1. Could we say that A:Ala134 is within 28 Å of A:Leu164 (Cβ to Cβ), within 13 Å of another protein chain (Cβ to nearest Cβ), of a type in the set (A, V, I, L, M) and in contact with a Lys or Arg (Cβ under 7 Å, 6 or more places away or on another chain) here?
2. Hey, does the stretch A:209-226 have a residue that's within 14 Å of chain B (Cβ to nearest Cβ) and more than 27 Å from A:Glu85 (Cβ to Cβ)?
3. When the residues of the stretch B:195-216 are narrowed to those that are in a loop (DSSP other than H, G, I, E, B) and of a type in the set (S, T, N, Q), which ends up farthest from DNA strand C (Cβ to nearest atom)?
4. Working only within the stretch B:171-214, note down all residues that are within 9 Å of DNA strand D (Cβ to nearest atom), in contact with a strand residue (DSSP E or B) (Cβ under 8 Å, 6 or more places away or on another chain) and more than 27 Å from A:Lys146 (Cβ to Cβ).
5. Taking the criterion of being touching a residue at least 12 places away in the same chain (Cβ under 8 Å), more than 16 Å from DNA strand C (Cβ to nearest atom) and either crowded, with 22+ Cβ neighbours inside 10 Å or of a type in the set (Ser, Thr, Tyr) (or both), would at least one residue in the stretch B:145-156 satisfy it?
6. Quick check on B:Tyr165: is it away from every other protein chain (no Cβ under 12 Å) and surrounded by 16 or more Cβ atoms within 10 Å (Cβ to Cβ)?
7. Looking only at the stretch B:96-123, filter to residues that are facing another protein chain (nearest Cβ under 8 Å) and more than 19 Å from the chain's Cα centre (by Cα); which one of those is nearest to B:Val38 (Cα to Cα)?
8. Can you go through A:Gln16, A:Gln49 and tell me which one is modelled with pLDDT of 95 or more, assigned to a loop (DSSP other than H, G, I, E, B), assigned by TED's automatic domain parsing to the domain that holds A:Ala104 and surrounded by 15 or more Cβ atoms within 10 Å (Cβ to Cβ)?
Number of protein chains: 2
Amino acid sequence: MENVEKVTNCLQCKFQSNIFRFLSEEELSYVNDMRFEVSFKSGENIFKQGGPLTHIVCITSGMAKVFLEADDHSDIILRLMKPTELIGGPGFRTDNRHHFSAAAIVDTVACFIEVSVFEKLLNDNTRFALEMIAYLNRAHIGLYNKLLTNTHKHMSGRMAGTLLYLSEEVYESNVFETALSRQDLADMSSMTKESAIRVLKEFKDEGILNCYSSHFDIANKEALRKIYKIG
Amino acid sequence: MENVEKVTNCLQCKFQSNIFRFLSEEELSYVNDMRFEVSFKSGENIFKQGGPLTHIVCITSGMAKVFLEADDHSDIILRLMKPTELIGGPGFRTDNRHHFSAAAIVDTVACFIEVSVFEKLLNDNTRFALEMIAYLNRAHIGLYNKLLTNTHKHMSGRMAGTLLYLSEEVYESNVFETALSRQDLADMSSMTKESAIRVLKEFKDEGILNCYSSHFDIANKEALRKIYKIG
DNA sequence: TCTTTTGATTGATATATGTCATCGGAACAT
DNA sequence: ATGTTCCGATGACATATATCAATCAAAAGA
């Protein structure tokens, strides 16, 4: 029972619902025996796009950004990972490589589980496999949204989307301190750092947002939502 | 054995490898009994974004475009579906809705299989479920590419990507006739119809491409590849 | 303390891309 | 034959966004 709590604590994937809830106690205990932890300092890579996908990673404490690296060295930040969130990757069961990079944005502890452990669980437990399919499909829906937003909305709409994401899904508050730089905010919104700063200033001037350095305070969320919706 | 051929013929998913190869003969025959065909005229919707996801669809003959519909009524064409390709959708095992639309671009026959049939197969056959996960992951990799291309490349790079996709993955030839309109090409490349026409003209002027109305002939594929790569 | 570096900010300017209006031709219906 | 509609094509123009250069402020070393 101790094992169960320990693992569900570590592994439960809040973001996309807990895909571990269908594991038996033995299975959870098995995962727990096989996992190990690694510490990362802020800014360090947890794994690297193009590198071998040997382990599935679960954030235990801290926060990480997951991002695509383009040929021209610009990045697209796909999402932020909080404790208990799981980072798999589409290389699983395909080419066994990472298709995005992950980096700690504050000091972070992550727990590593061998890919083979996952494969065993999926083989043994059908319900778990179905849950994994659902998990992947939810990720897919998120990507469709990102594609629509980043290709069909203007800068203010994209930045509004980023701020709403941070406030609602990451920090769960209208007021938050963030370790993200302006460049990070730009990489989340598909624009240059300068444009990000200018859009934030616009929001400030319109009284929608208060922000200085790392402090953010969304003053008018409805306005932000409208900007996001209209584009 | 007849059944097997019939179904693999209908169902094999060439695009993302055949996920049906791990079904037993009984399972294939079960699928075959449960499927039924529907004909669509060119331009007709096969299913609609937002609508209920009750069946998985497999193109038997003809061709269809799969596309996201934005709030402002503009579209993003995700990919084209040829015979024997499968259209599922991320609504499967999540919200049971379609997250994209599909429409025939020529007269098309599609075969429908109830979602519950799929769920039964996934439940009974672990290997099939693992293959489904691999299939989803490959689709995921494709989306990352689309995201990188459509947000970080210029128009000529995006159109080059579209032409390479058509030539290599859809028509499998440097010369092809297509039912796609200029608007469709634009929707595949995240730009306006006018811009698409202008970029095609550029390619023409540079001797990279010959095209008039629905006829396309890629004269210099290497140049196109380079344009795609550089952006 | 002083220097050095890094990140945030701003302004001027260039460029890519969208918008709008127009026109011609082909397909199609009357 | 004649209008009508739709699609492709083109030019003029507007505007969104990136680029470049220059400060400024704060943090980090030395």
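1. So A:Ala134 passes the test.
2. Checking the stretch A:209-226: at least one residue is within 14 Å of chain B (Cβ to nearest Cβ) and more than 27 Å from A:Glu85 (Cβ to Cβ).
3. Step by step, filter the stretch B:195-216, then rank; the result is B:Ser214.
4. Listed by number, the residues that qualify are B:Leu200, B:Lys204, B:Cys211, B:Ser214.
5. For the stretch B:145-156, residues touching a residue at least 12 places away in the same chain (Cβ under 8 Å), more than 16 Å from DNA strand C (Cβ to nearest atom) and either crowded, with 22+ Cβ neighbours inside 10 Å or of a type in the set (Ser, Thr, Tyr) (or both): absent.
6. yes
7. Top of the filtered list is B:Glu119.
8. A:Gln49
The values are calculated or read from the model by the stated rules, or taken from the named source; none is laboratory data. Here the structure is a predicted model, which means the values were calculated and not measured. Quick reminder, even Gly has a Cβ in these numbers, built from the backbone with ideal geometry, and neighbours come from all protein chains shown.
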